[in-house]
Amino acid sequence: MRSDRDVIVALDFPDSSKTFEFIDKFESYPRKPFVKIGMELFYSEGPDIVRKIKARGHKIFLDLKLHDIPNTVKGGMRSLCSLGADMLNLHAAGGIDMMKAAVEGLAGADNKPLLIAVTQLTSISQEKLNNELLISGSIDQVIINYAKNAKTAGLDGVVCSPLEAGKIHEAIGENFYTVTPGIRFTGSDAGDQARFTDPFKARELGSNFIVVGRPVTKAEDPVKAYEKCVKEFCEGVK
């Protein structure tokens, strides 16, 4: 299995002011956190927020989860690639042709980002999968099948919960990234996550990247909370 691991901090803030107020806490920190820019911040501030954060030396996961017809996704990926993000994503539910089109959209890029597919959101439970979305089978079966489709399409990995990371590596192979949100410290509130674990357990289960939001951004001491994530996940120190 890939030995490279990193903690990605979700910048789930409503505007650039609060975002940079948070980022500034790490100004003198030796390890610039890998950060995630999601819909809330991107839609509020526009593409320039990616360039500004990138200029500060942070790696960026641009989490916009594209899901549309293949040609539209291909063009969208081509445009997003120009922003300099290190990781982009889309929904695996769009199918293999859509995912292949996304790969084509990134072709020829000087610094090609990792492209990953969302299997099922970590807020989706078995009950919701079957009864609301009317997708039959177990959640593990659906996620592994989506991951296989992503691999077939030429993607670099998938987004899944930590609970499925090891199963995906077993089914697909070691040279395939698993990026896992749904991270909470032991004893903390699960919030809206249905499938989650702590950073140390995510490491044991085979995650390559963990995405951590509120446990770090809402912490009394965000830098200390980030350090705890790094120690547990990257260094294996509980």
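Go through (1) under 18 Å from S161 (Cα atoms); (2) under 21 Å from the mean Cα position of the chain (by Cα) for P113 and report which single condition fails.
So the condition that P113 fails would be (1).
Among the listed residues V118, V103, V142, which satisfies the condition of being open to solvent by less than 70 Å² (accessible area, probe 1.4 Å), over 25 Å from L163 (Cβ atoms) and of a type in the set (A, V, I, L, M)?
Exactly one of V118, V103, V142 is open to solvent by less than 70 Å² (accessible area, probe 1.4 Å), over 25 Å from L163 (Cβ atoms) and of a type in the set (A, V, I, L, M), namely V103.
Here are some residues: I124, I135. Which one is open to solvent by 20 Å² or more (accessible area, probe 1.4 Å), in a loop (DSSP other than H, G, I, E, B) and touching a residue at least 60 places away in the same chain (Cβ under 8 Å)?
I124
The values are calculated or read from the model by the stated rules, or taken from the named source; none is laboratory data. No experiment lies behind these values; they were computed from the predicted model shown. Counting neighbours? That spans all protein chains shown, and the Cβs are built from the backbone with ideal geometry, glycine included. Surface accessibility is based on the protein's heavy atoms, side chains included, excluding ligands, DNA and RNA. Shrake-Rupley method; radii C 1.70, N 1.55, O 1.52, S 1.80 Å.
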